[in-house]
Structures are given as structure tokens and as C-alpha cells.
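S.K.: This is the structure I want to talk about, given as C-alpha cells.
The values are calculated or read from the model by the stated rules, or taken from the named source; none is laboratory data. Keep in mind the model is a prediction, meaning the values are calculated, not measured. Cβ: placed from backbone, ideal geometry, glycine included. Neighbour counts: every protein chain shown.
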Amino acid sequence: MELELATQNLENKNIFGNNSKVDLLVEKDVTVEKQNNFLESTLGKTINTAIDVGLRAVLPDMIEDQVIDVKDVLLKNGLKEGIDVAVKSAIDLGKSALGIITGKFDNLSQAYSAVKKGGIIDGVSETIDNVVESASKNKLISTGTSRLIKKGKNALLDTVTANIEDTFLKEMDSVEKVSKYISNWNNYYNLKDIDGMEKEYGKIKKQMQTMVALDSTISEAKKIENIHNLIKNKGENYVLSKEEEELAQILK
């Protein structure tokens, strides 16, 4: 509500020049749903890729097309659905284990800890057992293929674990990059260097499109978005009135 009122005030006063609305980097505040959707989607893709790699390793005598056929059979027997359930369950159980009352993660380390404590690898392991058993029982894969997958399951799960760790490391790197770009933008702002500001602003905007939504990062990015657009729409006038500064702060 506060954000909506602030936006209306900005439109009424028309302090952003010809643009009636500020194109925020992130349209909505960080929500539990937004965080969960991001993690579920990201982890689902990460695990899926890991299983692709793992199957190639545990089925070394098969050609690429044969491995793809096996993966398709597993998918038709509930692999994707099982992974989705495992991810959602891990997130929920992990939050409970860490005592996260708000439902939102404060940082990526907390999210990673929750996923591990939530037993995501156990969930994926159970899913693999179920879909392989189902496919074998219905004679959709051979007994030999089923045996090889079960025998190599630990190696496959190691690949899943490594991919999940790598994904979170990349996300942490993205947060660090945004923090650096924000600092650079502030330095250019103090120097009144619009070209430098524009360069760093572009980096922030691009990075924010693919990283997990965290309250502190979103807040700083929004603040820069508002001030950046305000200065540009005022003809690169760096002198902000007290009212403009207050409204930019409200919108962050």
C-alpha cells in the first residue's frame, strides 16, 4: 500500500519528467512465493541436468540416443514430478528445521542450509528408486539397465550434490557482483559521471533478472533505479530536492 501511494504521489507531481511511472528493476517486493518459485525452478533444472550427466556415467556402454531414451522413460514414469516434490519438500522441511518463521530466506547461505537440512538428496534418491522400479516392472527398461542405474545411484547422487553446490555458489557470486555494481554506481554518482552510472546500472539490471530475490539486494537496487531514472529525466540534473529524495527512498 505504501509503495502504491508513493507511486501515485510521484505521478501526480510529475517529478520524473515525461515518464509517468518508474520502471522498477523488480516489479514486486520480495515474497515467499517468489523466492520459492525461483528456488524450485532453479533446483529442478539443476537436478535434471545432474541426472543427465549421471546417467551417461552409469550407462557407459550406451550411445547418446539410448541414454536419452532411458531418461525419457524415467520422465514418463514420474521423474520430473518426483523431483518437484523432493525440492518443495526440502524447502519446507528446511525452513522448519532452521526455524524460519517469516517463510522468507534472508540470504543464500540460509537457503542452501535449508535445502540440505530438508533432505533434498534423500528425496531425489527415493524418486530414482521409484521411477526405475516402475519402469523395470512395466518392462520399459531392461533388467540390466535397471541394475546399472541402481548400482551407480550413489555416483549419480554425488553429481546432483555437486551441481546443487555449484548452483548456489554461482548465485552467491551474482549477489556479490550486484553489490559491487551498486558500489560502482554510487562512486560514479558522486563523480556526476552519467556514462559510468549508465554502465553500472545496466549491469545491475541484467544481473537482477536471473538471481534470487533477497530483501536487502532488492531494496538497494530499487533505490538506484529510482534515482538513476530521476536524474536522467531531469536532464542529468544531480541536484535533488528534499521531496524527490524522500520519494526515492520510499520507493526503494
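S.K.: Could you tell me which residue of the stretch 193-204 is modelled with the lowest pLDDT, considering only residues that are within 12 Å of Ser179 (Cα to Cα) and either in contact with a strand residue (DSSP E or B) (Cβ under 7 Å, 6 or more places away or on another chain) or not hydroxyl-bearing (Ser, Thr, Tyr) (or both)?
M.R.: It comes out as Ile204.
S.K.: Kindly indicate whether any position in the stretch 43-50 is modelled with pLDDT of 80 or more, among the polar types (S, T, N, Q) and within 23 Å of Thr217 (Cβ to Cβ).
M.R.: Yes, the stretch 43-50 contains at least one residue that is modelled with pLDDT of 80 or more, among the polar types (S, T, N, Q) and within 23 Å of Thr217 (Cβ to Cβ).
S.K.: Mind checking which residues of the stretch 156-185 are at pLDDT 90 or above, polar (S, T, N, Q) and surrounded by 14 or more Cβ atoms within 10 Å (Cβ to Cβ)?
M.R.: Residues satisfying the conditions are Thr159, Thr161, Asn163, Thr167, Asn184.
S.K.: Can you pull out every residue in the stretch 59-106 that is of a type in the set (Ser, Thr, Tyr), surrounded by 15 or more Cβ atoms within 10 Å (Cβ to Cβ) and more than 14 Å from Leu39 (Cα to Cα)? Step through it out loud before you land on a result.
M.R.: Keep residues of the stretch 59-106 that are of a type in the set (Ser, Thr, Tyr), which gives 89, 96, 102.
Add one more test, that the residue is surrounded by 15 or more Cβ atoms within 10 Å (Cβ to Cβ), and what stays is 89.
Selection gives nothing.
S.K.: Being at pLDDT 50 or above, more than 20 Å from Lys116 (Cα to Cα) and among the aliphatic types (A, V, I, L, M), is that true of even one residue in the stretch 4-23?
M.R.: No, that holds for no residue.
S.K.: Now, a different point. Please state which of the following conditions Val131 fails to meet, knowing it meets all the rest: (1) in contact with a Leu (Cβ under 7 Å, 6 or more places away or on another chain); (2) over 19 Å from Asp69 (Cβ atoms); (3) buried (at least 16 other Cβ atoms within 10 Å of the Cβ).
M.R.: (2)
S.K.: Another one. Would a scan of the stretch 172-183 turn up a residue that is under 28 Å from Ser41 (Cβ atoms), touching a His at 6+ places or on another chain (Cβ under 8 Å) and not assigned by TED's automatic domain parsing to the domain that holds Asn37?
M.R.: Scanning the stretch 172-183 turns up no residue that is under 28 Å from Ser41 (Cβ atoms), touching a His at 6+ places or on another chain (Cβ under 8 Å) and not assigned by TED's automatic domain parsing to the domain that holds Asn37.
Per-residue answers, yes or no, for (1) free of Cβ contacts under 8 Å to residues at least 24 places away in the same chain; (2) assigned by TED's automatic domain parsing to the domain that holds Met62; (3) not polar (S, T, N, Q):
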{"position": "Ile83", "(1), (2), (3)": "no, yes, yes"}
{"position": "Ile91", "(1), (2), (3)": "no, yes, yes"}
{"position": "Ser96", "(1), (2), (3)": "yes, yes, no"}
{"position": "Val115", "(1), (2), (3)": "no, yes, yes"}
{"position": "Asn138", "(1), (2), (3)": "no, yes, no"}
{"position": "Ala155", "(1), (2), (3)": "no, yes, yes"}
{"position": "Ile164", "(1), (2), (3)": "no, yes, yes"}
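S.K.: Moving to a separate point now. Tally time: how many residues in the stretch 69-102 are outside any helix (DSSP H, G or I) and farther than 20 Å from Val175 by Cβ?
M.R.: Residues meeting the conditions: 4.
S.K.: Looking at (1) touching a Lys or Arg at 6+ places or on another chain (Cβ under 9 Å); (2) free of Cβ contacts under 8 Å to residues at least 24 places away in the same chain; (3) within 30 Å of Ser41 (Cβ to Cβ), which is the only condition Ala221 fails?
M.R.: The single condition Ala221 does not satisfy is (2).
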